[in-house]
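S.K.: This is the structure, below, for whatever I ask next.
The values are calculated or read from the model by the stated rules, or taken from the named source; none is laboratory data. Because the structure is a prediction, the values reported are computed rather than measured. Here the Cβ positions follow ideal geometry from the backbone for every residue, glycine too, while neighbour counts run over all protein chains shown.
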Amino acid sequence: MLPTGNTREAAQTAPPRETSTQMNGANEHTPEAGTTTPRLRAANVAMGLRVPAGRMAHVLASTGLAWSVFQLWVASPLPEWLGAGVFNEARIRSLHLAFAVFLALLAYPVLRRERRPDIPRADIVLATLAALSAGYLALFYESVSEHVGNPSAIEVGTAAIGLTLLLEATRRVLGLPMVGLALTLLIYIFFGEQMPDLIAHKGASFSHTMGHLWLGTEGVFGVALGVSAGFIFLFVLFGALLETAGAGSYFIRSAVAMLGHLRGGPAKAAVVASAATGLISGSSITNVVTTGPLTIPLIKRVGYSAEKAAAIEVAASVNGQVMPPVMGAAAFLMVEYVGVPYVQVLKHALISALVSYLGLMYIVHLEAVKANMRGLPRRHSPRWQRTLANISLGVIGLAGTLAFVTVAGAAVHAVVPQISFAVVAALMLIAYVVLLRISAPHIRTDDSADAPITALPAFGPTLRSGLHFLLPVGALVWNLVIEQLSPTRAAFWAVLFLAFIVLTQRPLLTWFRGDGSVRASAWRGAQDLVDGMAAGARNMVTVAIATATAGIIVGTVTLTGIGLVMTDLVTALSGGNIILMLVLVALICLVLGMGLPTTANYIVVSSLMAPVIVALGAQNGLLVPLIAAHLFVFYFGLMADITPPVGLASYAAASIALTDPIKTGMQAFRYSMRMVLIPFMFVLNPKLLLIGVDGVGYTLLTLGSATLAGFAFISVNQGWLLIKSSGRERLVMLLAVFMLFNPGMFMNPLIAPYDQLIGAEAEAAIINAPPNARMRVFLSGTTIEGDEVERGVLLPLGQPAASATRRLADSGVGTVISDTGFTITRVEFGSQAAKLGIQSGFRINAVEVPSDRPAQEWMFLPALALIGWVVRQQQRRRAALAEHAAEAPAA
């Protein structure tokens, strides 16, 4: 059952399960006798809410297929090798949007209740006009480039038509919230002089606004759409091909087979399945409607209420957006916005993602313990050894395959670096054939493979039935981590490998089993590939339209300076209090994120609010790493998918569970409270992002303390540890939580954490700082707007150098040394220094280095003592209750 009502994104981004072609359980279509060529079955690749028949169905499906082929072409090395078909970034973005608006206006009706099977001629005309307007920059790039900032009348008219039709496409695909936000900002641009003094600006002319938003790369065709065209499309296509191949069903059934027999086992399996689906999904709502139809009935069947079953699925699906190694689209946007490598983004997000997921597993367990629930019926007698063996095999089988690919790739790269790519590619092809041969007896191709799960699936056969699906994920990780390819090129090779799997797994299985025509299976594999590529384009319509419309918001920020207005507003309301400032930013992110899909959500909140955290923190003595600010707003933007009254993920899950969406949203918010606390903690203590954490031991200590803090906070929130907690016990546990999450909160008032250095001492500190250190640097100066500023920043220094000026130059900052300190003479465009707001003419007044004091981690000991006290108190009470219960029958 697909969600209705306000869950508009769910219906758009998730392919209907009855039309997907999956090896592990989709409907099978027997090819007609005598078929000699693969045919594009338009009924299998519906592109939106409309499902037209005949010629227009083929037009939609063929356009989606052409879009996927175009994106693969520009991501591949072929244009470079052949010297033909090379497109610059602006042209790629322009054509990317042209495909998206054409499909959006054809595949989505004017009114959502419209059910006519044909496509009106008016929509065909609008779609064509929209595609031509979006493609104008690609078609006439040289002409537009010749007079940037002074657009002709034709260009202004094209921009006006394009923006209008983009907003109409946004209304049809995403609904009114994002259109309303874009229109509000357009009004703000045109009528800036009439606004209240706090937010007033000089305004902009119509032609200047159209040129800025449509004919350049600072508005609609800006960084956000560039990331959509470069990174996101390939990863969405990767996910669509995985789903077509049958990986979605495999992940769910493997999770149930591994965990379904435990207390609340189906709910725990839902958490694991959503984590796996989150690797390939770019939307929390898509995650809900992909895994929910199987997991929510399972969770209800073992005793959870409908609201709790839906809330668990919502919390798990939203967590999927923060789960490395993919993290949906947001990770790739962070790469561009923050200016750090992709692998660094994954490293920073690792602890918070693990705490979120392990914490949700703990919540599910506590709910099951409180209600005395049981899992699915076992196939064998209950023995803890068998349970431990199954879970171990599952972890080893799933994680081990990925680890083996990465380790083997690293070994090959070290031995034969020049040909390592070709060698590993050959090894993966061999591994694919071997794993598929092992899986052949266990892969289900009947219609019941996606049927409701009523009993525990056989563990071994279920696990072995899809290990080959992990190879493309391993290839992606290997390309990113070992070969260190760009995300675009890494995703291209992973998609190519996955496309080969989709194309060949049917004929290979038929050959291994000897139970059918290899030729017919080959044609069906070709149809699977066509279906998957068209489905990838269908799933991208929402993302592309969202990122393009979000470009209006970003363009407004650059055109009007509204970002500074937001800073002034939060400053005035918070009164300089750091915690209150973070609370206000979190609330604004929740409001801005309402009704927006994940990608657009992040673009909006990061453009408006991330700079506020960095600027206000620096003004009040808290130097916040830029990545911490972006992850903070990302987490609270995601919470908008949960919280009523809009929470789209809650509406989607509630429609599947047949329960009240408001109650579901409130319960899901309670289950996600740790995701509210964690962002505050990693802003105040960046070590939770593994910033300044070196060595395996220190990393494990940080991970262990954060995980324990997460569990302790959940016990406080749920009011249960071993038994129901008293008010005093919950307060003691909460104190321990803060000690574990942020030990500096208790150590810093006793001993200052940093020593401030100036002059020659500051110069020596810069020279002697460890490689890739983030130096606490304090600056003053006058901005290009004429404002006097004093701020602190965390400046990444890179590798050691012979002099302080040389090391600063490697960080993108040119300086000269005088009696008053360092004076900045230049700031490299696009560098970390530029992203931190450093400008030419600023002076470096001082730097700070860690003081010689005991490590703040010593505060973990009293935290452990407090938790131990609570455990001991509850053990005594539980023993007394058991003794009383034993005496009662005797009395």
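S.K.: Within the stretch 847-891, restricting attention to residues that are out of contact with any strand residue (DSSP E or B) (no Cβ under 9 Å at 6 or more places or on another chain) and in a loop (DSSP other than H, G, I, E, B), which residue is surrounded by the most Cβ atoms within 10 Å (Cβ to Cβ)?
M.R.: ARG853
S.K.: Let me ask something else. From VAL716, VAL693, grab the single residue that is within 19 Å of ARG853 (Cβ to Cβ) and β-branched (Val, Ile, Thr).
M.R.: VAL693
S.K.: Exactly one condition in (1) in a helix (DSSP H, G or I); (2) crowded, with 22+ Cβ neighbours inside 10 Å is false for VAL220; which is it?
M.R.: (1)
S.K.: Can you name every residue in the stretch 594-617 that is at pLDDT 75 or above and farther than 20 Å from SER228 by Cα?
M.R.: Just the residues of the stretch 594-617 that are at pLDDT 75 or above, to begin with: 602-617.
Matches in the stretch 594-617: MET609, ALA610, PRO611, VAL612, ILE613, VAL614, ALA615, LEU616, GLY617.
S.K.: Just to be sure I understand the filter: pairs with C-beta atoms under 9 Å, separated by 6 or more residues or on different chains, first member in the stretch 478-507 and free of Cβ contacts under 8 Å to residues at least 24 places away in the same chain and under 17 Å from ALA535 (Cβ atoms), second member of a type in the set (S, T, N, Q) and crowded, with 23+ Cβ neighbours inside 10 Å. Which pairs pass?
M.R.: Close Cβ pairs (under 9 Å, with a partner that is of a type in the set (S, T, N, Q) and crowded, with 23+ Cβ neighbours inside 10 Å) do not exist here.
S.K.: Please go through the stretch 605-626 and pick out each residue that is touching a helix residue (DSSP H, G or I) at 6+ places or on another chain (Cβ under 6 Å) and farther than 24 Å from THR556 by Cα.
M.R.: Those that are touching a helix residue (DSSP H, G or I) at 6+ places or on another chain (Cβ under 6 Å) and farther than 24 Å from THR556 by Cα: ASN620, LEU622, VAL624, PRO625.
Each row is one residue, and each column tells you yes or no for (1) in contact with a helix residue (DSSP H, G or I) (Cβ under 6 Å, 6 or more places away or on another chain); (2) farther than 30 Å from LEU626 by Cβ; (3) in a helix (DSSP H, G or I).
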residue: ALA649; (1), (2), (3): yes, no, yes
residue: ILE656; (1), (2), (3): yes, yes, yes
residue: ILE662; (1), (2), (3): no, yes, yes
residue: ARG670; (1), (2), (3): no, yes, yes
residue: ARG674; (1), (2), (3): yes, no, yes
residue: MET681; (1), (2), (3): yes, no, yes
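S.K.: Kindly indicate which of ILE867, ILE844 is closer than 30 Å to ALA706 by Cβ and among the β-branched types (Val, Ile, Thr).
M.R.: Going through ILE867, ILE844 in turn, the sole match is ILE867.
S.K.: Let me ask something else about it. From the set of residues in the stretch 52-73 that are among the β-branched types (Val, Ile, Thr) and crowded, with 17+ Cβ neighbours inside 10 Å, which is modelled with the highest pLDDT? Even if it seems obvious, please write down each step before you answer.
M.R.: Taking the stretch 52-73 as the starting set, the residues that turn out to be among the β-branched types (Val, Ile, Thr) are 59, 63, 69.
Checking which are crowded, with 17+ Cβ neighbours inside 10 Å leaves us with 59, 63.
Working: VAL59: 87, THR63: 92.
That would be THR63.
S.K.: Evaluate the stretch 605-621: report whether one residue or more is within 21 Å of PHE738 (Cα to Cα), in a loop (DSSP other than H, G, I, E, B) and touching a residue at least 60 places away in the same chain (Cβ under 8 Å).
M.R.: So far as the stretch 605-621 goes, yes, one or more of its residues are within 21 Å of PHE738 (Cα to Cα), in a loop (DSSP other than H, G, I, E, B) and touching a residue at least 60 places away in the same chain (Cβ under 8 Å).
S.K.: Suppose we filter ILE824, ILE817, ILE844 for residues that are buried (at least 19 other Cβ atoms within 10 Å of the Cβ), among the β-branched types (Val, Ile, Thr) and without any contact (Cβ under 8 Å) to a residue 60 or more places away in the chain; which single one remains?
M.R.: ILE824
S.K.: Let me ask you something else. Of the conditions (1) among the aliphatic types (A, V, I, L, M); (2) in a loop (DSSP other than H, G, I, E, B); (3) touching an Asp or Glu at 6+ places or on another chain (Cβ under 7 Å), LEU701 clears all except one; give me its number.
M.R.: (2)
S.K.: Is it the case, given these coordinates, that VAL473 is farther than 16 Å from VAL412 by Cα and in a helix (DSSP H, G or I)? Before you say what the answer is, go through the steps one by one.
M.R.: Values: farther than 16 Å from VAL412 by Cα: yes; in a helix (DSSP H, G or I): yes.
So VAL473 passes the test.
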